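The values are calculated or read from the model by the stated rules, or taken from the named source; none is laboratory data. Being a predicted model, the structure only gives us computed values, none of them experimental. Cβ coordinates were reconstructed from backbone atoms using ideal geometry, including for glycine residues, and neighbour counts include every protein chain displayed. The accessibility values were calculated without ligands, DNA or RNA, using every heavy atom of the protein model including side chains. Shrake-Rupley method; radii C 1.70, N 1.55, O 1.52, S 1.80 Å.
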Amino acid sequence: MAVFGIDLGTTYSCIARVDETGRPVVLRNLDGSDTMPSAVYFESPTEVVVGAAAKDTAVLEPDLVVELIKREMGRHLTLTMHGRPYTPEEISAFLLRKLAADAEATTGEPVTDVVITVPAYFGIAERDATRKAGQIAGLNVIDVLSEPIAAAISYGVLAPDTDRTILVYDLGGGTFDTTMISMRDGDIQVVCTDGDHELGGVDWDERLAEYVVETFVEQHPDASHPLDDPATVQDIRSQVEEVKKRLSTTRQRTMRLVHDGRVCTVTITREQFEELTADLLDRTVDITRRALDVAAKRGVKDLDDVVLVGGSTKMPAVITRLRKELGIEPKLHDPDLAVAKGAALYAFEETYRRLLAKGDEGRRQAERLARQAGLSASDEEAIAKRQIRTVAARGFGVLCYSPERDTEHVVHLIHSNDPLPVDATRTFYTVYDDQGEVGVQVMEQAGSVESERPEDNTLIASGPVGIPPGKPAGWPIDVHFHLDSSGLLHVTATEQSDQRRLDLQIQVGGMSEDDVARSRSALSQVRVN
């Protein structure tokens, strides 16, 4: 009855479970590492290679290796390999299959029930795409959990009886989140969250790569441009990532770029690197301050701890800057593994609570699960009553037309950082006499700040509501939004006189349930190494 937590990362991923002592442990992959590069090499139409070997192959076969796919989740995008188009969900499914297969080989237990983590700032489309990736991989996705919550769960294990207000600063390979969390009596309450899912360690890599390329061009102006050669680009990416990591522990590093028969040796100091990337760090601080301001408006002004997670927080400049800005010594909390460990704990506890709700047989299964993890009666009681409350990452609304202004604008019913679950109802009105129907267009906030401008929002669902004939302009339509604790949205629109009703199934991410079933069947024929 094992359950697992998966940190499906932009650059590296890992999987964890709760062991027989009740503690979360990360399972090493067959390469002997705790983390696996989030890279997929399409070796042939029927075989893919995942992980370190795929990342290494990127230099030789750059057109057949996919990395950073997490940044494409929820988008209508396909990548064609060997003549077959693949969606981000399908490519992510290969990563999940590899993690599951290695974990099964390590533990001897089948990997079926999992919790997968996502950045807190992921919207509905990205969360839905992540869930579908798990389904395509043949997994039962218990829940999609925000990474800062997973980190807070892992952090809370260190001091379970201490009430704290913590700021989770999560700078991963491809995404950044900052989240204020209140931990009281074992419960976890998200106060607010903010972030940028296109800001992460790879952007630091990119700045260093630009510097190296500029140096090469200055030294060899008669050579072809390094960025015109995909193999050279992959070589640069591989080297700058390693240089970035080494600069966290040394004062300078040297890398050697070979291109078009020319050689360029570049030495870079930590100070130069920090200067090149200062504006990226500034962006994280601005987002963090914005979150602190929102928390203060909600009455949470005192901060006990700053917890750093995500591999990119190992850069010394991060700790130095946050110490200066916040006046608190940041704690580097198991940055590479904390999210997976927290997901494993959440998966275990959520499974335990769900079993308790299933009657006598469910309670017996819950007791067996608790015994397997060596839990005491007090541990079981604490798990049974623990609550985790989160907030909306984005605002959601309806696209409206204003006859007076002859313009369209978005009216938000749910706002970012509203506590979940949340319900909101608003009445809208027809524009014309004898209007046969009203089109309901559901919009999701796209930027970091709520805006009524349509271009600052994303259309995620739409559908018509019929209006009885002969009704005058200004006829009312009630629209109801329900956003549940997992961040899934359900929308209904009702015409009042005849109770004509529209139930919108929010279809996002580009893949329907039928598409998922077909992908699962087709990809099961592809061997994953």
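Of the residues making up segment 216-268, those that are open to solvent by 80 Å² or more (accessible area, probe 1.4 Å), within 25 Å of Val66 (Cα to Cα) and outside any helix (DSSP H, G or I) are Arg256, Asp260. Selection of strands (runs of 3 or more DSSP E) fully inside segment 467-506 by the criterion of at least 3 residues being at pLDDT 90 or above and farther than 24 Å from Pro403 by Cβ returns 476-483.
Screening Val40, Val3, Val49 for residues that are more than 18 Å from Leu523 (Cβ to Cβ), in contact with a helix residue (DSSP H, G or I) (Cβ under 8 Å, 6 or more places away or on another chain), touching a residue at least 40 places away in the same chain (Cβ under 8 Å) and open to solvent by less than 30 Å² (accessible area, probe 1.4 Å) leaves exactly one candidate, Val3. Condition check: among the acidic types (Asp, Glu), in contact (Cβ under 8 Å) with a residue 12 or more places away in the chain and buried (at least 16 other Cβ atoms within 10 Å of the Cβ). Does Glu437 satisfy that? Considered against the rule, which asks whether it is among the acidic types (Asp, Glu), in contact (Cβ under 8 Å) with a residue 12 or more places away in the chain and buried (at least 16 other Cβ atoms within 10 Å of the Cβ), Glu437 comes out as no.
A Cβ distance below 8 Å, combined with a sequence gap of six or more or placement on separate chains, defines the contacts here; from segment 362-388, residues that are touching a residue at least 40 places away in the same chain (Cβ under 8 Å) and farther than 18 Å from Ala344 by Cβ reach residues that are open to solvent by less than 40 Å² (accessible area, probe 1.4 Å) and in a helix (DSSP H, G or I) in the pairs Gln365/Leu355. Residues in segment 455-505 that are among the small types (Gly, Ala, Ser), out of contact with any Leu (no Cβ under 6 Å at 6 or more places or on another chain) and surrounded by fewer than 20 Cβ atoms within 10 Å (Cβ to Cβ) were compared, and the one that is farthest from Gln445 (Cα to Cα) is Gly470.
Scanning segment 264-310 for residues that are of a type in the set (Asp, Glu), over 17 Å from Leu247 (Cβ atoms) and free of Cβ contacts under 8 Å to residues at least 12 places away in the same chain yields a total of 4.
The number of residues in segment 376-399 being open to solvent by less than 20 Å² (accessible area, probe 1.4 Å) and not in a loop (DSSP other than H, G, I, E, B) comes to 5. Considering the conditions (1) in contact with a helix residue (DSSP H, G or I) (Cβ under 8 Å, 6 or more places away or on another chain); (2) of a type outside the set (Val, Ile, Thr); (3) in a helix (DSSP H, G or I); (4) open to solvent by less than 60 Å² (accessible area, probe 1.4 Å), Glu274 is excluded by exactly one of them, (4).
Listed conditions (1) among the acidic types (Asp, Glu); (2) open to solvent by 40 Å² or more (accessible area, probe 1.4 Å); (3) within 30 Å of Ala150 (Cα to Cα) are all met by Glu444, apart from (2).
Listed conditions (1) of a type outside the set (Gly, Ala, Ser); (2) in contact with a Pro (Cβ under 6 Å, 6 or more places away or on another chain); (3) closer than 23 Å to Glu210 by Cβ; (4) at pLDDT 95 or above are all met by Leu308, apart from (3).
Just give me the residues in segment 279-302 being in contact with a strand residue (DSSP E or B) (Cβ under 8 Å, 6 or more places away or on another chain) and open to solvent by 40 Å² or more (accessible area, probe 1.4 Å), in sequence order. Working first, answer last.
Just the residues of segment 279-302 that are in contact with a strand residue (DSSP E or B) (Cβ under 8 Å, 6 or more places away or on another chain), to begin with: 283-284, 287-288, 290-292, 294-295, 298, 300, 302.
Arg283, Arg290, Val294, Arg298, Asp302, listed by residue number.
Look at Ala129 and say whether it is buried (at least 23 other Cβ atoms within 10 Å of the Cβ) and either within 15 Å of the chain's Cα centre (by Cα) or closer than 30 Å to Val442 by Cβ (or both). Write out each step before concluding.
Working: buried (at least 23 other Cβ atoms within 10 Å of the Cβ): yes; either within 15 Å of the chain's Cα centre (by Cα) or closer than 30 Å to Val442 by Cβ (or both): yes.
Considered against the rule, which asks whether it is buried (at least 23 other Cβ atoms within 10 Å of the Cβ) and either within 15 Å of the chain's Cα centre (by Cα) or closer than 30 Å to Val442 by Cβ (or both), Ala129 comes out as yes.
Filter segment 6-26 for residues that are within 18 Å of Ala370 (Cβ to Cβ), assigned to a strand (DSSP E or B) and either open to solvent by less than 20 Å² (accessible area, probe 1.4 Å) or out of contact with any Pro (no Cβ under 8 Å at 6 or more places or on another chain) (or both) and give the result. Val18, Pro24, Val25 - these are the residues of segment 6-26 that are within 18 Å of Ala370 (Cβ to Cβ), assigned to a strand (DSSP E or B) and either open to solvent by less than 20 Å² (accessible area, probe 1.4 Å) or out of contact with any Pro (no Cβ under 8 Å at 6 or more places or on another chain) (or both).
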